[in-house]
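In what follows, a structure is listed as structure tokens, so that the remarks can point back to it.
The values are calculated or read from the model by the stated rules, or taken from the named source; none is laboratory data. All values derive from a computational prediction rather than experimental measurement. For neighbour counting, all protein chains shown are included, and Cβ atoms are generated from backbone atoms with ideal geometry for every residue, glycine included. When the accessible area is computed, the model is the full protein with side chains, heavy atoms only, and any ligands, DNA or RNA have been set aside. Shrake-Rupley method; radii C 1.70, N 1.55, O 1.52, S 1.80 Å.
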Amino acid sequence: MLTHGDSATSPPTIGPPGPPAVLGGTPIRTRPWPTYDKGDVWISEADEQAAIGAIRERRYFRYDTRPHAETHTGRFEQGLCDYFGVRHALACASGTTAIALGLLGLGLPAGSPVACPAFTFAATPSAILLAGHRPVVVECDEDLHLDLEDLRRALAEGVAAVVVVHMRGFAGDMPAICALAAEYGVPVIEDAVPALGAALDGRPLGTFGRAGAFSTQSDKALNTGEGGFLLTDDPELYARAVVFSGAYEGRLARHFGGDRPPVDDLAHPIFGVRMDEIRAALAGALLTGLPAKLTAHHRNYAHVAAGLADLPGVALRRPVAPGAYLGEALVFRLPGATAAQSAWFAAAIRAEGIDARALADPGDTNVRVFWNWRFLVGPDPAAARARWPKTARHLDEAIDIPLSANLTADDCDQLVAAVTRVLPALPPG
């Protein structure tokens with residue numbers, strides 16, 4: 001475990017001198033750290049007018065008398081196909097439902113075992129359950145990527161599908177994962193909910209597997225408050241997903257310009273998880289500004305990562321390839337730290353005026369840590385941690401700091417200064 005002084009280093013010049021704010025010093029910043037829940041958005045007046053225009057049209061349901069291509073939802077879906085280079089896109093109510101629709105589109109037998117990583121938002125196993133299947137949790141490595149050795153074990157034991165999660169915007173090792181899954185003839189669904197717009201070796205995340213699921217919830221690269229979408233090149237998977245999403249009474253045909261797959265739209269239940277026209281109008285407008293937002297995220301992440309790269313006692317999360325991340329979150333570990341030490345560290349960073357969270361904070365019911373998934377692992381956190389000890393150990397050490405696309409260079413410098421200032425004061429475990 002870390003002890004006081006293990007990571008001592010000279011603080012940068014930015015910010016007030018003296019001890020950390022948590023120990024009585026002056027905070028490095030007093031302005032709120034920009035996050036979505038405080039109203040931080042990346043939006044233009046034209047984006048706002050697109051949503052207002054849709055409201056004034058007074059046709060809020062995607063299936064009315066207009067052809068598919070003339071609806072806001074249809075245009076948004078075509079924009080997604082063009083942006084990501086895929087054949088099919090389906091706008092829906094959330095990222096969770098997008099994952100579920102992707103799994104439902106596979107046509108697996110009910111109750112199939114489906115692998116997912118131990119480090120993910122609770123929505124991932126929830127989506128597997130929503131699709132009528134059984135989550136099989138797989139360990140993660142020290143960089144909090146899906147552990148390939150443990151994934152092979154799960155595949156050998158008979159999982160029917162793999163849901164890969166590009167958690168906190170960092171790409172999973174898709175070539176390796178897809179190759180491993182192919183050995184067992186198992187399809188891969190990408191939970192790209194946390195990584196909208198990120199790429200791996202120039203290829204957009206969400207386009208490696210049979211389908212990719214995304215969210216447009218408030219803290220995502222496209223922010224419509226709620227919403228999501230599914231991408232795929234598989235027309236039959238897409239057709240099933242369309243029906244499950246709520247295309248009834250022949251409306252499936254509107255999604256295909258010509259012949260459609262032989263999917264019986266009366267043979268599947270309809271779950272009513274469509275995207276509405278107002279949200280689609282806003283999402284379509286925001287899509288045009290996505291490249292600029294992605295550039296800002298990468299710029300800010302690179303600035304902060306460079307400032308922390310050589311800091312003793314901080315282990316930045318390593319991408320599987322250069323630039324294979326979104327950059328909207330900074331995740332790093334304090335190697336050897338206990339959960340209590342990490343919680344103290346995050347609180348000390350917050351005292352400096354910067355939002356931070358220790359993923360495994362014992363006083364926090366963070367649903368990004370698997371032992372808080374009581375609906376899946378039961379009520380005993382210690383027993384759950386013992387089942388996936390590698391991931392639990394890495395999560396104990398992990399700190400998570402949101403990085404808005406709207407951060408300035410000064411904001412980034414203040415974050416680096418706060419980490420550098422607080423780290424030497426870390427109490428013994």
**Prompt:** Is at least one residue of region 284-307 assigned to a loop (DSSP other than H, G, I, E, B), among the aliphatic types (A, V, I, L, M) and modelled with pLDDT of 95 or more?
**Reply:** no
**Request:** May I ask you to verify whether ILE189 is part of a helix (DSSP H, G or I) and under 20 Å from the mean Cα position of the chain (by Cα)?
**Result:** no
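Have a look at ALA122, ALA171, ALA115 and point out the one that is of a type in the set (A, V, I, L, M, F, W, C), closer than 19 Å to GLY378 by Cα, under 15 Å from the mean Cα position of the chain (by Cα) and at pLDDT 95 or above.
Only one candidate passes the filter, namely ALA122.
Can you tell me which residue within region 293-306, out of those that are open to solvent by 40 Å² or more (accessible area, probe 1.4 Å) and of a type outside the set (D, E, K, R), is farthest from ALA418 (Cα to Cα)?
THR295
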**Asked** Can you name the number of the only condition in (1) at pLDDT 95 or above; (2) surrounded by 14 or more Cβ atoms within 10 Å (Cβ to Cβ) that ASP6 fails?
**Response** (1)
**Prompt:** Quick one: how many residues across region 39-78 are outside any helix (DSSP H, G or I), open to solvent by less than 90 Å² (accessible area, probe 1.4 Å) and within 30 Å of ALA405 (Cβ to Cβ)?
**Reply:** 8
**Request:** Only residues in region 152-163 that are at pLDDT below 95 count as the first member; pair them with residues that are open to solvent by less than 10 Å² (accessible area, probe 1.4 Å), Cβ under 6 angstrom, at least 6 apart or cross-chain, and list the lot.
**Result:** none
**Request:** Return the residue satisfying two criteria in turn: it lies in region 307-320 and is without any contact (Cβ under 8 Å) to a residue 40 or more places away in the chain and closer than 24 Å to GLY172 by Cβ, and of such residues it is surrounded by the most Cβ atoms within 10 Å (Cβ to Cβ).
**Result:** LEU316
**Message:** What are the pairs with Cβ atoms under 8 angstrom where one residue, in region 383-407, is aromatic (Phe, Trp, Tyr) and the other, located anywhere, is crowded, with 20+ Cβ neighbours inside 10 Å and not in a strand (DSSP E or B)? Sequence gap at least six, or different chains.
**Reply:** TRP388/ALA118; TRP388/GLU139; TRP388/PHE370
